[in-house]
Amino acid sequence: MAIQKNELQKGLKTRHITMISIGGVIGSGLYVGTGTIINDTGPAAILSYLLATIMVVLVMRMLGEMAVLNPDSGSFSTYAHQAIGPWAGYTIGWLYWFNWIIIIVIEATILGAMVHQWVPSIPMWTASLCFPIIMMFTNIFSVKSYGEFEYWLAFIKVATIISFLCVGTAMFLGIMPGVESPGMDNINSYGGFFPQGILPVFLSIVFITFSLSGSEVAAIAAGESENPEKNIIKAINSVVWRLLIFFVGSSIILVFLLPKSEAGLFKAPYASIFDMAGLPAAGQFMNIVVFVSLLSILNTGMYTSSRILYSLSKKGDAPKLFSKVNKRGAPIGAILACVVAAYMFTLLKFVAADQFFVILASSSGGVTMIMYIFIAISHLRSRKKIEKENPGLLKVKMWLFPYLTYLTIFMLFAIFVAQAFIPSMRLQFFLTFCITGLVLVSYFVFIRNKKKKMNFVQTVNKKILEGK
């Protein structure tokens with residue numbers, strides 16, 4: 001298939017998009033973080049996961065509606081540019097890029113630590129620097145190679161979750177050989193469904209929402225698929241059941257099977273359940289799954305950050321070098337830039353004061369909420385416009401528009417502001433707010449003025465030509 005100059009290749013298949021959308025939300029946060037949430041909130045954590053899941057589903061429905069109309073590698077950055085203004089697309093695009101670069105560094109560092117633990121002769125920093133290079137090659141070769149690699153990584157994660165749900169259900173029903181069903185004993189050990197009151201339920205939603213990010217990657221990837229419209233509809237529709245089954249289902253299993261008195265079990269809840277079921281080497285198995293999950297996130301991070309940078313470049317919001325595409329249709333300029341940026345931040349983490357990197361990481365911590373807010377506002381404006389101009393184009397519709405959209409925007413703002421009142425998230429809130437302000441100022445200082453000058457020059461040249 002011939003590749004047009006500076007155009008991305010349509011190399012992803014339906015199975016790639018489906019698995020990318022399913023695996024996008026499954027990370028180490030699910031395998032480890034769920035136990036912490038349940039330990040702090042009690043059985044009511046199920047409600048926290050349900051409410052957080054519903055909110056993310058609503059956001060993804062909005063994104064799906066816009067993506068079907070305009071499949072684009074810039075996704076919500078492009079939609080914000082069109083619906084709100086160029087400043088909005090620029091701001092959320094660069095914030096999202098920065099967020100993924102920091103995630104790449106964090107995941108690479110954890111992977112390096114795991115390799116060093118398994119093979120002490122390999123220094124942690126050496127292993128950490130190797131993984132971005134490995135992911136770079138999977139992305140540079142072709143988008144299909146990225147999709148195939150991510151397909152199998154996501155498959156392992158999904159298979160693990162399904163196995164966990166089956167084992168956990170069998171244990172609760174008392175049909176797992178050698179395991180006695182706890183019945184309702186563990187629920188009662190918490191001292192009620194709301195042992196700490198209702199407030200921890202809402203506080204937990206703040207933490208859970210951040211761990212649910214990743215579904216939006218499917219909308220970005222669909223722009224490089226053979227049938228974007230079909231793939232986006234399929235991916236967005238699957239968001240509902242996959243989040244309900246994987247996150248809400250997992251929380252239900254853990255609440256019923258893990259006794260409150262055994263706090264140590266919550267540190268690695270999935271491994272604890274497999275171990276309680278009598279499965280051999282449960283801890284080692286989950287270590288491998290976490291390793292695969294980290295690889296998957298790193299791979300997706302390299303892909304997503306490069307596509308956002310490519311899209312910014314195409315719109316004139318980043319240097320033109322980043323929109324350069326190789327013969328296989330991969331944005332080589334953007335990919336190499338992302339690797340260089342990841343290396344710079346990785347070296348900064350190992351060489352400079354660790355506190356400085358913590359500040360950078362905290363600066364990107366609230367970007368997910370800002371991204372969701374931009375998606376919701378973009379949807380509100382674009383939906384009103386399309387309904388006036390050509391409502392027949394809407395093949396995926398947000399439910400109960402505009403009421404659910406307004407409600408979602410309110411909820412997102414509430415969660416973002418709530419960070420300021422949670423001690424462990426207060427630094428994240430203020431730093432994210434500050435870096436968002438800096439990115440916004442950079443647009444008006446550099447980009448808008450530059451575009452004004454370019455438009456002025458073009459207008460003058462046009463008048464000169466007309467005068468001739």
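Hey, could you check segment 115-159 for residues that are among the polar types (S, T, N, Q) and without any contact (Cβ under 8 Å) to a residue 60 or more places away in the chain and say which is farthest from LYS13 (Cα to Cα)? Top of the filtered list is SER121. Annotation: of all residues in segment 303-337 being under 18 Å from GLY147 (Cα atoms) and assigned to a loop (DSSP other than H, G, I, E, B), the one that is farthest from the chain's Cα centre (by Cα) is LYS327.
Conditions tested, residue by residue: (1) in contact (Cβ under 8 Å) with a residue 12 or more places away in the chain; (2) part of a helix (DSSP H, G or I); (3) of a type in the set (Val, Ile, Thr); (4) out of contact with any Lys or Arg (no Cβ under 6 Å at 6 or more places or on another chain).
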position	(1), (2), (3), (4)
PHE194	yes, no, no, yes
ALA221	yes, yes, no, yes
ILE236	yes, yes, yes, yes
VAL240	yes, yes, yes, yes
PHE247	yes, yes, no, yes
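On inspection, PHE345 does not qualify as part of a helix (DSSP H, G or I), under 18 Å from GLY93 (Cα atoms) and not small (Gly, Ala, Ser).
Let me confirm something: among GLY333, GLY316, which residue is surrounded by fewer than 17 Cβ atoms within 10 Å (Cβ to Cβ) and either under 24 Å from LYS10 (Cβ atoms) or in contact with a helix residue (DSSP H, G or I) (Cβ under 9 Å, 6 or more places away or on another chain) (or both)?
On the way: GLY333 fails: surrounded by fewer than 17 Cβ atoms within 10 Å (Cβ to Cβ).
Matching residue, one of GLY333, GLY316: GLY316.
In this structure, is PHE374 at pLDDT 90 or above and either surrounded by fewer than 15 Cβ atoms within 10 Å (Cβ to Cβ) or not in a helix (DSSP H, G or I) (or both)? Even if it seems obvious, please write down each step before you answer.
On the way: at pLDDT 90 or above: yes; either surrounded by fewer than 15 Cβ atoms within 10 Å (Cβ to Cβ) or not in a helix (DSSP H, G or I) (or both): no.
Taking the combined requirement at face value, the residue does not satisfy it.
Condition first: buried (at least 18 other Cβ atoms within 10 Å of the Cβ), modelled with pLDDT of 80 or more, touching a helix residue (DSSP H, G or I) at 6+ places or on another chain (Cβ under 7 Å) and small (Gly, Ala, Ser). Can you find one or more residues in segment 21-32 that meet it? No, that holds for no residue. Of the residues PHE202, PHE207, the single one that is closer than 14 Å to THR34 by Cβ, in a helix (DSSP H, G or I), touching a Ser or Thr at 6+ places or on another chain (Cβ under 9 Å) and among the aromatic types (Phe, Trp, Tyr) is PHE207.
Of the residues ILE156, ILE175, only one is at negative phi, at pLDDT 85 or above and not in a helix (DSSP H, G or I); which? Quick ask: steps written out before the conclusion?
On the way: ILE156 fails: not in a helix (DSSP H, G or I).
Answer to the selection: ILE175.
I'd like to check something: does segment 342-358 contain any residue that is within 28 Å of GLY11 (Cβ to Cβ) and buried (at least 20 other Cβ atoms within 10 Å of the Cβ)?
If we filter segment 342-358 for residues that are within 28 Å of GLY11 (Cβ to Cβ), which is where we start, we get 342-343.
When the remaining residues are screened for being buried (at least 20 other Cβ atoms within 10 Å of the Cβ), the result is 342.
Yes, because at least one residue in segment 342-358 is within 28 Å of GLY11 (Cβ to Cβ) and buried (at least 20 other Cβ atoms within 10 Å of the Cβ).
Checking the structure you have, find out if any residue of segment 100-112 is more than 30 Å from PHE433 (Cα to Cα) and either over 17 Å from the mean Cα position of the chain (by Cα) or free of Cβ contacts under 8 Å to residues at least 24 places away in the same chain (or both). It would help to see each step written out before you state the result.
If we filter segment 100-112 for residues that are more than 30 Å from PHE433 (Cα to Cα), which is where we start, we get 112.
Next cut, either over 17 Å from the mean Cα position of the chain (by Cα) or free of Cβ contacts under 8 Å to residues at least 24 places away in the same chain (or both) only: 112.
Among the residues of segment 100-112, at least one is more than 30 Å from PHE433 (Cα to Cα) and either over 17 Å from the mean Cα position of the chain (by Cα) or free of Cβ contacts under 8 Å to residues at least 24 places away in the same chain (or both), which makes the answer yes.
When ILE252, ILE273 are checked against the criterion of being hydrophobic (A, V, I, L, M, F, W, C), at pLDDT 90 or above and out of contact with any Ser or Thr (no Cβ under 6 Å at 6 or more places or on another chain), a single residue qualifies: ILE252. Restricting attention to segment 259-279 and to residues that are under 27 Å from TYR151 (Cα atoms) and not in a helix (DSSP H, G or I), the residue that is nearest to the chain's Cα centre (by Cα) turns out to be ALA268. Among the residues of this structure, SER293 counts as one that is closer than 22 Å to ILE37 by Cα and in a helix (DSSP H, G or I).
Of VAL396, VAL417, VAL340, which residue is within 24 Å of the chain's Cα centre (by Cα) and not in a helix (DSSP H, G or I)?
VAL396
Which of the helices (runs of 4 or more DSSP H) found entirely inside segment 1-114 contain at least 1 residues meeting this: within 18 Å of ARG307 (Cα to Cα)? I'd like the intermediate steps shown before the answer.
On the way: elements: 14-23, 34-41, 45-69, 76-83.
Those helices (runs of 4 or more DSSP H) span 14-23, 45-69, 76-83.
Conditions (1) surrounded by 19 or more Cβ atoms within 10 Å (Cβ to Cβ); (2) of a type in the set (Val, Ile, Thr); (3) in contact with a Ser or Thr (Cβ under 6 Å, 6 or more places away or on another chain); (4) under 25 Å from THR209 (Cβ atoms), marked per residue:
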position	(1), (2), (3), (4)
PRO43	yes, no, no, yes
ALA67	yes, no, no, yes
SER75	yes, no, no, yes
GLY85	no, no, no, no
TYR90	yes, no, no, yes
TRP97	yes, no, yes, yes
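Looking across segment 171-191, the residues that are touching a residue at least 40 places away in the same chain (Cβ under 8 Å), surrounded by 12 or more Cβ atoms within 10 Å (Cβ to Cβ) and among the small types (Gly, Ala, Ser) come down to SER189, GLY191.
The values are calculated or read from the model by the stated rules, or taken from the named source; none is laboratory data. All figures in this text were calculated on a predicted structure; none of them were measured in a lab. A quick note on method: Cβ atoms are made from the backbone with ideal geometry, for glycine too, and the neighbour counts reach across all protein chains shown.
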